[in-house]
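Down below is the structure, laid out as structure tokens.
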Amino acid sequence: MNYHNITKDDMLNGDGLRVVLWVAGCTHQCPECQNPITWDLAGGLPFDEDAENELFEALKPDYVSGVTFSGGDPLHPFNQGEITRLAKKFKELEPKKTAWLYTGFSWENIKDLDIMKYIDVLVDGEFMADLKDNNLHWKGSANQRVIDVQKSLERDEIVLHEE
């Protein structure tokens, strides 16, 4: 898996102060995407041991609310295994912190993936420029949903995350 950046002290990609892992690779290629540089699977840098150490070190301080996986698309088939491993490790090391994940895939198509056991909040759906609204919280277009993953799995229906 390749990645473009590890952002620390981020307040835009989930609640609280977060660490964001921006992965490479996206087949959705939404028109007017804010991160087209992340579409290429071969772009960025290899996510190696040093990058993993940087990510988990940045997550240690008590003031950090959690991790956000974004990109590109963390659920691109090429990224899925590594992101699942990282999400599981995160939950083992930081059980009181939250894991958010942004994907262009819809909940209905990914809810049964193993990674969902480790994700607290999912922002799903492709970005649609004609539904863009800068006043939306944690999402770029009105079609996207901010889903409470664990409650949704428990109830077997979509439960939106409360702000």
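Taking Glu94 as meeting all but one of (1) charged (D, E, K, R); (2) in contact (Cβ under 8 Å) with a residue 24 or more places away in the chain; (3) closer than 28 Å to Leu131 by Cβ, write down the number of the exception.
(3)
Quickly run through segment 127-145 and pick out the residues that are of a type outside the set (Phe, Trp, Tyr) and surrounded by 20 or more Cβ atoms within 10 Å (Cβ to Cβ).
Step one: filter segment 127-145 for residues of a type outside the set (Phe, Trp, Tyr), giving 128-137, 139-145.
Listed by number, the residues that qualify are Gly140, Gln144.
Which of the residues that make up segment 111-153 are in a loop (DSSP other than H, G, I, E, B), farther than 21 Å from Thr38 by Cβ and under 13 Å from the mean Cα position of the chain (by Cα)? It would help to see each step written out before you state the result.
Initial filter on segment 111-153 (in a loop (DSSP other than H, G, I, E, B)): 111-113, 119-120, 125-128, 133-140, 142-144.
Going one step further and asking which of them are farther than 21 Å from Thr38 by Cβ, we end up with 111-112, 120, 133, 135, 137, 142.
Once the filter is applied, which keeps residues that are in a loop (DSSP other than H, G, I, E, B), farther than 21 Å from Thr38 by Cβ and under 13 Å from the mean Cα position of the chain (by Cα), segment 111-153 yields only Asp120.
Which count do you get for residues in segment 129-163 that are in contact with a Leu (Cβ under 9 Å, 6 or more places away or on another chain) and among the polar types (S, T, N, Q)?
4
Does segment 11-53 hold any residues that are assigned to a helix (DSSP H, G or I) and out of contact with any Lys or Arg (no Cβ under 9 Å at 6 or more places or on another chain), and which are they?
Listed by number, the residues that qualify are Pro36, Ile37, Thr38, Glu49, Asp50, Ala51, Asn53.
In segment 36-73, how many residues are touching a Gly at 6+ places or on another chain (Cβ under 6 Å), under 17 Å from Ala87 (Cβ atoms) and either crowded, with 21+ Cβ neighbours inside 10 Å or among the basic types (Lys, Arg) (or both)? Quick ask: steps written out before the conclusion?
The first filter runs over segment 36-73 and keeps only residues touching a Gly at 6+ places or on another chain (Cβ under 6 Å), leaving 38, 41, 65, 68, 72-73.
With under 17 Å from Ala87 (Cβ atoms) added as a condition, the list becomes 65, 68, 72-73.
Keeping just the survivors that are either crowded, with 21+ Cβ neighbours inside 10 Å or among the basic types (Lys, Arg) (or both) gives 68, 72-73.
Residues that pass the stated criteria total 3.
If His76 satisfies all but one of (1) surrounded by 19 or more Cβ atoms within 10 Å (Cβ to Cβ); (2) more than 21 Å from Leu122 (Cβ to Cβ), what's the number of the condition it fails?
Against the list (1) surrounded by 19 or more Cβ atoms within 10 Å (Cβ to Cβ); (2) more than 21 Å from Leu122 (Cβ to Cβ), His76 comes up short only on (2).
Could you please find all residues in segment 54-80 being closer than 20 Å to Trp107 by Cβ, in contact (Cβ under 8 Å) with a residue 24 or more places away in the chain and assigned to a helix (DSSP H, G or I)?
Those that are closer than 20 Å to Trp107 by Cβ, in contact (Cβ under 8 Å) with a residue 24 or more places away in the chain and assigned to a helix (DSSP H, G or I): Asn79, Gln80.
Going by what's in this entry, would Phe90 be described as among the aromatic types (Phe, Trp, Tyr) and farther than 23 Å from Glu162 by Cα? Spell out the reasoning first.
Working: among the aromatic types (Phe, Trp, Tyr): yes; farther than 23 Å from Glu162 by Cα: no.
It is false that Phe90 is among the aromatic types (Phe, Trp, Tyr) and farther than 23 Å from Glu162 by Cα.
Is one or more of the residues making up segment 89-110 part of a loop (DSSP other than H, G, I, E, B) and more than 24 Å from Met11 (Cβ to Cβ)? Spell out how you get there, then give the answer.
Quick first cut of segment 89-110, residues part of a loop (DSSP other than H, G, I, E, B) only: 94-97, 103-106.
So of that shortlist, the ones also more than 24 Å from Met11 (Cβ to Cβ) come out as 105-106.
Scanning segment 89-110, I find at least one residue that is part of a loop (DSSP other than H, G, I, E, B) and more than 24 Å from Met11 (Cβ to Cβ), so the answer is yes.
Looking only at residues in segment 24-35 that are touching a residue at least 40 places away in the same chain (Cβ under 8 Å) and within 20 Å of Val146 (Cα to Cα), which one is surrounded by the most Cβ atoms within 10 Å (Cβ to Cβ)? Don't jump to the end; show me each part of the working.
Within segment 24-35, the first condition is being touching a residue at least 40 places away in the same chain (Cβ under 8 Å), and the residues that meet it are 24-28, 30-34.
Add one more test, that the residue is within 20 Å of Val146 (Cα to Cα), and what stays is 26, 28, 30, 33-34.
Numbers: Cys26: 24, His28: 15, Cys30: 18, Cys33: 18, Gln34: 9.
So, considering only residues that are touching a residue at least 40 places away in the same chain (Cβ under 8 Å) and within 20 Å of Val146 (Cα to Cα), the one surrounded by the most Cβ atoms within 10 Å (Cβ to Cβ) is Cys26.
Read-outs throughout are calculated quantities, based only on the coordinates presented, and are distinct from any laboratory measurement. Computed from a predicted structure; not experimentally measured. Backbone-built Cβ (ideal geometry, glycine too); neighbour counts: all protein chains shown.
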